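Since every read-out is calculated from the coordinates, none of them should be taken as a lab result. Remember, it's a predicted structure, so these values are computed and weren't measured experimentally. All Cβ positions, glycine included, derive from the backbone under ideal geometry; neighbour counts span all protein chains shown.
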Amino acid sequence: MKAAPLPRPRASARRRVWVLAVAALVSVAVVWAYHYPPQHYASPMRDWLPAQPDRELTDDERASRVVFRQILLTPAIQSRSSKIAFMFLTPGTLPFERLWEKFFEGHEGRYTIYVHASRERPEHVSPLFIGRDVHSDKVQWGTISMIDAERRLLANALQDIDNQHFVLLSDSCVPLHNFDYVYDYLMGTNLSFIDSFYDPGPHGNFRYSRNMLPEVREADFRKGSQWFSLKRQHALMTIADSLYYTKFKLYCKPGMEDGRNCYADEHYLPTLFNMMDPHGISNWSVTHVDWSEGKWHPKAYRAQDVSYELLKNITSIDMSHHVTSDSQVKGTDRGVLLPKEGHEEVADVALQLAKYCIEEPVKSPLIFGEWEVVYCSVPTSPGGIYRTPLGRLVFKTNDMVQVVEAPDIVRNKLSLSVFGLDGAVSLKGKLNVLDSKWIQVIFEPAELKVGSLGFQYGGESEVKLEITYVDEKIRLGKGSRGSLFVFLRQ
């Protein structure tokens, strides 16, 4: 006979509730501490270096990572009089000195000023700026000399142990908020405000050089605004770096041997901190720059442009939008809405890319895959009658995709809607190679489906296309009548 097991004592309901309450309180505290660390707390989870790469590190890489790790893990200096270093990078005299003087007025001991004048010695009209010039060298736009000037400013500002944040400014910058707002905003965070984003287009990762390998991979290459605000740890990392700085000095510059133009001030810091401390930066800048015009330089505000409404609109911006160079044709209905100047710019970029097309692109496996048609210089070429002015009044065209399947199948599909019904036009064709760059596709009759109805119409059709450029992300083609096509890999 087995003895019946003795009943286990049970905790009272009140005790269980008490234990759960304590556990919940501890959990909330832990989560809060992780997401909202104290201002000068260096979280080993957030401020640790990225995972080690699969390959063996070089000696220089290992040495650099040791230095960066030590800087990141060193607690920030506790200062009773923490200051912000305002660093002005200017060709000469600062036109808005009086305005900055009003900004700084009454806040002595909470800021320092440094001026790097690259062309001529500035004539200061404000006593706050007198004696604040640092040793300066010439700066040429788009070259590593821009980075040299930034590092020179940082080195001077870091000598003051009370400087905890470092803001880079140009001669055309003006403050948009009062001093207390700016001071509390910057000093109240454990982040550096560095713009850093991935741009797959011709003015982004196309500038990358494989000569940067193995230390800098194309997947790590980033772009961003030059204007930054760095916490002290990141300022130290910037002037301590030699390895990655040298890579950009040698292989990111205008007029490189292969004809590419790379600008270190747009790529060096965004790439460095994307690799070394991606969670320690904001990925956006606190300096407002308007790139909406899609030109080489941001929008310039003239005296007649400045109004209360303009300043109000700028200060109300609470989101950062990154304009990538592959998105200049997006939102233009595949070129329909693009002005003449836009078409000319796309044609110029395509001409530059064609210089670097691989030999015999028709034999490359890169041509296979699913491609989105994002642009055509003659907008009615892709989509036929559905894209003509009359066709667009009846049909709303949506996705336009081309699938190239090995070894010789091409499928085109245009999604559309008509009178509230979704539909699609599909074509299947056979690909024939004509020479090293030209292909011919003979399509079967098109098939139209609208709602539950579907039918074929027309006869066979033929197109010829020259592949002028192809890589992992983009494909360019030119039709037999000169139409330029831009495809992005899905």
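Tabulated data
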| item | result |
| --- | --- |
| Residue-span extension gain [residue 128 to residue 172] - 0.36 nm each, minus C-alpha spacing | 14.1 nm |
| Separation in nanometres of the label points that stand 7 Å from Cα toward Cβ, at residue 57 and residue 372 | 3.8 nm |
| Relative contact order %, the stretch 340-489, counting alpha carbon pairs below 8 Å whose residues are six or more apart | 23 percent |
| Local electrostatic count, residue 367, Cβ distance below 12 Å [Lys/Arg +1, Asp/Glu -1] | -2 |
| Nearest-0.05 FRET efficiency for residue 240 and residue 301, computed from C-beta distance (R0 35 Å) | 0.45 |
| Sorted by Cβ neighbour density within 10 Å, fewest at the top, the residues 357, 252, 376 | 357, 376, 252 |
| Trypsin sites (Lys or Arg not before Pro) within the stretch 67-153: DSSP coil, no more than 15 neighbouring Cβ in 10 Å | 80, 119, 138 |
| GluC sites (Glu not before Pro) within the stretch 407-490, DSSP loop, no more than 12 other Cβ atoms inside 10 Å | 460, 472 |
| Karplus-derived HN-Hα couplings along the stretch 384-400 (A = 6.51, B = -1.76, C = 1.60, θ = phi - 60°), whole Hz, x at Gly and Pro | x, 5, 6, 10, 5, x, 5, x, 6, 6, 9, 9, 9, 7, 10, 6, 10 |
| Candidates per trypsin sites (Lys or Arg not before Pro) in the stretch 160-218, loop by DSSP, up to 15 other Cβ within 10 Å | 217 |
| Only Lys, Arg (+1) and Asp, Glu (-1) charged, at Cβ; the stretch 62-315 dipole about Cα centre in debye | 620 debye |
| Sum of side-chain charges, residue 122 neighbourhood, beta-carbon under 10 Å (Lys, Arg +1; Asp, Glu -1) | -2 |
| Charge tally in the Cβ shell below 10 Å around residue 252, where Lys, Arg are +1 and Asp, Glu are -1, residue 252 excluded | +3 |
| The stretch 178-192 residues near the modelled residue 315 label - backbone nitrogen below 17 Å, point 7 Å along Cα→Cβ | 178-186 |
| Farthest toward positive dipole pole in the stretch 340-489 [+1 Lys/Arg, -1 Asp/Glu at C-beta], among 358, 482, 450 | 450 |
| Relative contact order, percent, the stretch 62-315 [alpha-carbon distance under 8 Å, six or more residues apart] | 21 percent |
| Extension gain, residue 180 back to residue 396 (0.36 nm per residue minus Cα-Cα distance, nm) | 72.6 nm |
